[in-house]
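> Mind looking over this structure? Questions follow.
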Amino acid sequence: MDSEDDMHDAYDAESLDEDFYSGGTPMGSEDGDADYDFVDNESDDSEDITSHRQQQNYTILNITDIRQHQDEDISRVSTVLSISRVAACVLLRHYKWSVSKVHDEWFADEENVRKAVGLLENPVEMPHTRELTCGICFESYPRVEISAAACSHPFCGACWRGYIGTSITDGPGCLMLRCPDPSCGAAVGEDMINMLTSDDDKEKYSRYLLRSYVEDNRKTKWCPAPGCEFAVEFVMGSGSYDVTCNCSYSFCWNCTEEAHRPVDCATVAKWILKNCAESENMNWILANSKPCPKCKRPIEKNQGCMHITCTPPCKFEFCWLCLGAWSEHGERTGGFYACNRYEAAKQEGAYDESERRREMAKNSLERYTHYYERWATNQSSRQKALADLHSMQVEKLEKLSDRQSQPESQLKFIIEAWLQIVECRRVLKWTYAYGYYLPEHEHAKRQFFEYLQGEAEAGLERLHQCAEKELQVYLEAEAPMKDFNDFRTKLAGLTSVTRNYFENLVRALETGLKDVGPSSNQATCSKSSSSKNLAGGKGSKMGKIKMCEKHR
């Protein structure tokens with residue numbers, strides 16, 4: 001891709017000037033301006049931002065990788081502690097596959113560790129007799145048909161198969177299997193499973209053991225995408241929790257919900273719960289219905305007049321406005337069209353408790369609906385963008401290459417644009433959850449947030465329209481078009497500016513816009529220059545917003 005300077009030059013050439021997001025003339029900075037930090041560093045070097053963006057603090061693992069990592073850990077413990085691989089596996093399973101934890105505990109108190117996991121220091125041999133009695137069925141069998149764990153409690157092959165098979169059928173608890181003798185705690189390892197059970201049970205046990213390495217290990221998790229079999233190994237304490245699996249699904253390592261920067265995990269949990277909670281149904285009922293004064297069933301008004309008749313068997317007739325009996329209404333009170341008695345009470349502020357609750361529910365529902373509709377719309381747009389990206393990769397890119405006589409390697413800027421659109425739609429979607437939970441009393445912060453959000457949305461729409469509609473002209477052209485290189489420069493420039501704006505917007509929201517003061521003047525004065533600097537405009541430091549002079 002072209003350099004940042006080339007993009008900004010092209011940006012100017014296409015009249016995409018440095019107030020691309022502000023839509024107006026930028027406010028000049030003064031000597032007394034204060035700085036609003038959107039990132040820790042003050043460098044305007046684009047390479048720093050690219051480096052930050054490309055840092056990857058996780059590794060994607062397929063089934064083969066998981067098995068290899070598991071075998072390596074078992075071998076490491078087996079070698080360091082001088083024990084068998086079966087015993088090392090039992091230890092690691094007990095300590096959640098933490099090699100360091102196994103070593104610490106073992107060298108601190110080996111005896112207690114052996115007792116806890118069921119590893120005998122000196123295995124006991126079975127008696128050297130021709131026949132032994134099974135401890136479950138109490139039948140006598142030749143010694144060669146009897147098996148035992150390290151404790152030497154004898155059981156026949158049929159009883160072992162039944163005992164182990166039942167445990168495997170019951171689920172992953174079979175990984176902690178102990179001797180069938182009620183008084184014994186000796187571990188039953190994978191070697192006995194493989195020796196005594198059917199092929200199906202062996203396969204199930206092996207699958208449980210493999211999944212245990214991911215599900216019990218604090219460093220690894222399965223990708224939560226439906227049908228995905230990749231796991232992710234994460235480096236804890238290394239920055240962002242955002243993870244993108246090889247299946248293209250992005251999620252948060254911390255809560256395993258879809259990636260949701262700039263919103264924190266607690267806010268996401270509240271938002272998701274609210275979206276599916278019955279409380280919203282109740283809010284709708286409160287806002288759009290009233291209880292029958294007699295039987296208390298909720299009633300929705302579906303016609304114009306105020307004369308309401310409850311459904312059988314109640315059949316109570318009442319006034320929708322005041323909930324009084326309709327028999328008490330007539331021309332004196334306005335009949336079917338108005339209730340003077342209620343209107344007078346309303347003017348005097350004499351609302352009853354149920355009416356106040358209804359008004360509060362209605363306002364709450366309207367506010368929630370505002371944010372939810374925009375959240376859902378951006379989610380829908382993101383899904384459409386993902387479909388368009390896939391179509392571009394598998395079909396349209398080759399067609400565009402033929403129509404414009406350009407090698408596909410020179411058309412990667414289009415894929416980058418679509419990837420950026422997908423990512424920005426996700427960020428923009430979650431800014432509406434962020435806005436919903438932003439305290440209403442913090443007026444300056446809310447005003448500034450809504451301005452930045454609006455500018456981000458406007459800028460993303462420009463990029464999306466360029467990639468979606470303007471590109472269509474070149475896809476449908478019968479011959480190569482002379483201005484295709486101009487389009488390339490424009491789309492690449494839009495992609496770069498939008499990326500920089502959104503990255504800095506995310507950082508600002510993740511810090512809670514903490515440097516925005518309580519004064520509404522502070523938020524208002526910062527608008528014009530903030531969007532220019534968020535987008536990395538010329539003559540500005542990346543990640544800085546110049547604030548206007550303090551209100552005197």
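> I'd like to check something: does the range 156-171 contain any residue that is farther than 22 Å from Y205 by Cβ and crowded, with 17+ Cβ neighbours inside 10 Å?
To start, the set of residues in the range 156-171 that are farther than 22 Å from Y205 by Cβ comprises none.
No, the range 156-171 has no match at all.
> Among the residues of the range 133-142, is there at least one that is touching a Leu at 6+ places or on another chain (Cβ under 6 Å) and open to solvent by less than 30 Å² (accessible area, probe 1.4 Å)?
no
> Please tell me if V102 is crowded, with 19+ Cβ neighbours inside 10 Å and more than 22 Å from I193 (Cα to Cα).
Working: crowded, with 19+ Cβ neighbours inside 10 Å: yes; more than 22 Å from I193 (Cα to Cα): yes.
So V102 fits the description; yes.
> Output the residues belonging to the range 107-152 that are on the phi > 0 side of the Ramachandran plot and free of Cβ contacts under 8 Å to residues at least 40 places away in the same chain.
Answer for the range 107-152, where residues must be on the phi > 0 side of the Ramachandran plot and free of Cβ contacts under 8 Å to residues at least 40 places away in the same chain: F138, S152.
> Exactly one condition in (1) at pLDDT below 90; (2) surrounded by fewer than 22 Cβ atoms within 10 Å (Cβ to Cβ); (3) in a helix (DSSP H, G or I) is false for R488; which is it?
Condition (1) is where R488 drops out.
> May I pose another question? How many residues are part of a helix (DSSP H, G or I), buried (at least 18 other Cβ atoms within 10 Å of the Cβ) and hydroxyl-bearing (S, T, Y) when one looks only at the range 223-275?
0
> Within the range 194-222, how many residues are touching a Ser or Thr at 6+ places or on another chain (Cβ under 9 Å), in contact (Cβ under 8 Å) with a residue 12 or more places away in the chain and more than 15 Å from Y95 (Cα to Cα)?
Of the residues in that region, 6 qualify.
> Please state which one of D12, D48, D33 is modelled with pLDDT under 50, in contact with a strand residue (DSSP E or B) (Cβ under 6 Å, 6 or more places away or on another chain) and closer than 27 Å to V497 by Cα.
Exactly one of D12, D48, D33 is modelled with pLDDT under 50, in contact with a strand residue (DSSP E or B) (Cβ under 6 Å, 6 or more places away or on another chain) and closer than 27 Å to V497 by Cα, namely D33.
> Scan the range 431-469 for residues that are over 22 Å from V263 (Cα atoms) and open to solvent by 60 Å² or more (accessible area, probe 1.4 Å) and report the count. It would help to see each step written out before you state the result.
Pass one, the range 431-469, residues over 22 Å from V263 (Cα atoms): 462-469.
Within this subset, residues satisfying the condition of being open to solvent by 60 Å² or more (accessible area, probe 1.4 Å) are 462, 465, 468-469.
Qualifying residue count for the region: 4.
> Let me ask something additional. Looking only at residues in the range 143-155 that are aliphatic (A, V, I, L, M) and in a loop (DSSP other than H, G, I, E, B), which one is least open to solvent (accessible area, probe 1.4 Å)?
A149
> Does the range 410-430 contain any residue that is exposed (fewer than 14 other Cβ atoms within 10 Å of the Cβ), among the polar types (S, T, N, Q), out of contact with any strand residue (DSSP E or B) (no Cβ under 7 Å at 6 or more places or on another chain) and more than 25 Å from D242 (Cα to Cα)?
yes
> Sticking with this structure for a sec: Could you tell me which of the residues K514, K482 is open to solvent by 60 Å² or more (accessible area, probe 1.4 Å) and more than 28 Å from the chain's Cα centre (by Cα)?
K482
> Here's another thing I want to ask about it. Identify, from the list R374, R357, the residue that is more than 30 Å from C322 (Cβ to Cβ), assigned to a helix (DSSP H, G or I) and open to solvent by 70 Å² or more (accessible area, probe 1.4 Å).
The match here is R374.
> Might you let me know whether the range 153-161 holds any residue that is aromatic (F, W, Y), free of Cβ contacts under 8 Å to residues at least 60 places away in the same chain and more than 30 Å from R218 (Cβ to Cβ)?
Among the residues of the range 153-161, at least one is aromatic (F, W, Y), free of Cβ contacts under 8 Å to residues at least 60 places away in the same chain and more than 30 Å from R218 (Cβ to Cβ), which makes the answer yes.
> Could you grab me the full set of residues in the range 107-130 that are farther than 14 Å from A148 by Cα, outside any helix (DSSP H, G or I) and either in contact with a Pro (Cβ under 7 Å, 6 or more places away or on another chain) or open to solvent by 70 Å² or more (accessible area, probe 1.4 Å) (or both)?
Result: E121, N122, R130.
> Residues to consider are K429, K469; find the one that is under 23 Å from the mean Cα position of the chain (by Cα) and basic (K, R). Steps first, please.
Working: K469 fails: under 23 Å from the mean Cα position of the chain (by Cα).
Residue meeting the stated conditions: K429.
> Additional query: Return the only residue of D216, D201 being of a type in the set (D, E, K, R) and open to solvent by less than 30 Å² (accessible area, probe 1.4 Å). Write out each step before concluding.
On the way: D216 fails: open to solvent by less than 30 Å² (accessible area, probe 1.4 Å).
Of D216, D201, the one residue that is of a type in the set (D, E, K, R) and open to solvent by less than 30 Å² (accessible area, probe 1.4 Å) is D201.
The values are calculated or read from the model by the stated rules, or taken from the named source; none is laboratory data. Just so it is clear, the structure is predicted and the values come from calculations on it, not from any experiment. Every residue, glycine among them, receives a Cβ derived from its backbone with ideal geometry; neighbour counts consider all protein chains shown. Ligands, DNA and RNA are stripped out before the accessible areas are found, and what is left, the full protein with its side chains, is counted by its heavy atoms. Shrake-Rupley method; radii C 1.70, N 1.55, O 1.52, S 1.80 Å.
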